[in-house]
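Below you'll find the structure, written out as structure tokens, and then a few comments.
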Ligand code: ATP
């Protein structure tokens, strides 16, 4: 459903994504876990078609994202890290305008907007302007918009960063519910617990490179073993007699 091969993205001298390959099958929740600046946003923006890769191939639902961008965009939805909302419009208008962007008939847009507002629990805010919404509500409206054209694959860039625990839980429940309905989901996160809660496959990225990939349990295990491995050699260095600090030669006095 989602295939990335040897993806590279450079910004001048900076290699933000360095030869990244992975794939996610239909119905999977794939989590890309890494610290700030690891290359998560650049990766998700390249595979969702928001950025052009420097090299490598990306395909979503069988469509090459670079060569067949229009078809790929119809099969995917994106919730970017920064909100995608028009702050001049109401909640409902944001949904309608976004639906029209995908050429949905007006009546169908209204039907789906009603359904989605209910799904993200924003029906009561339908006529509200976007500006006074809380961060969690804005994130959920972004999620609703990304779903208006019923994509097969959903991309979520750090969906809960900056949210309070209740809003985080609401987003988690919505992600789980979409996945239960069969949607393939690719999300980036800085939180191990989020990857553990939501994803059934995880890749760890740092300095633009994939460091480990597997089930959440396997990747945690790999990180623990890497730590134990290095700790063993550091310990060996300190306890080996040759490593002990040699006494300084006595000062030569005249
Ligand atoms: P965060 O969690 O902070 O969003 P991230 O893992 O998403 O971090 P990226 O935003 O993909 O990381 O950035 C990866 C690297 O690419 C960083 O070194 C960043 O400074 C650099 N970078 C990102 N965007 C640009 C840009 N437009 N121009 C130059 N360098 C960039």
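Only a single criterion out of (1) away from the ligand (no atom under 16 Å from the Cβ); (2) within 23 Å of residue 176 (Cα to Cα); (3) in contact (Cβ under 8 Å) with a residue 40 or more places away in the chain is not satisfied by residue 44, namely (1).
To keep it simple, each residue is scored yes or no on (1) surrounded by 14 or more Cβ atoms within 10 Å (Cβ to Cβ); (2) touching a residue at least 24 places away in the same chain (Cβ under 8 Å); (3) within 14 Å of the chain's Cα centre (by Cα).
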site	(1), (2), (3)
51	yes, yes, no
64	yes, no, no
74	yes, yes, no
77	yes, yes, yes
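In a loop (DSSP other than H, G, I, E, B), under 23 Å from the mean Cα position of the chain (by Cα) and free of Cβ contacts under 8 Å to residues at least 60 places away in the same chain: does that describe residue 121?
Values: in a loop (DSSP other than H, G, I, E, B): yes; under 23 Å from the mean Cα position of the chain (by Cα): yes; free of Cβ contacts under 8 Å to residues at least 60 places away in the same chain: yes.
Yes, satisfied.
Being in contact with a strand residue (DSSP E or B) (Cβ under 6 Å, 6 or more places away or on another chain) and crowded, with 22+ Cβ neighbours inside 10 Å is a property that does not hold for residue 91. Can you tell me how many residues within the range 51-65 are touching a strand residue (DSSP E or B) at 6+ places or on another chain (Cβ under 7 Å) and within 13 Å of the ligand (Cβ to nearest atom)? Looking only at that region, the number is 3.
Would you tally the residues in the range 17-37 being more than 16 Å from the ligand (Cβ to nearest atom) and over 13 Å from residue 4 (Cα atoms)?
Here is the first cut: in the range 17-37, the residues more than 16 Å from the ligand (Cβ to nearest atom) are 21, 23-29.
Now drop any that are not over 13 Å from residue 4 (Cα atoms), which leaves 26-29.
Within the range 17-37, residues that are more than 16 Å from the ligand (Cβ to nearest atom) and over 13 Å from residue 4 (Cα atoms) number 4.
Yes or no: the range 128-138 includes at least one residue that is closer than 27 Å to residue 195 by Cα, under 17 Å from the mean Cα position of the chain (by Cα), touching a residue at least 40 places away in the same chain (Cβ under 8 Å) and not in a loop (DSSP other than H, G, I, E, B). Scanning the range 128-138 turns up no residue that is closer than 27 Å to residue 195 by Cα, under 17 Å from the mean Cα position of the chain (by Cα), touching a residue at least 40 places away in the same chain (Cβ under 8 Å) and not in a loop (DSSP other than H, G, I, E, B).
A short reminder: the numbers here are calculations on the coordinates, not readings from a lab. This is a predicted model, so every value here is computed, not measured. As a convention, Cβ positions derive from the backbone with ideal geometry for all residues, glycine included, and neighbour counts pool all protein chains shown.
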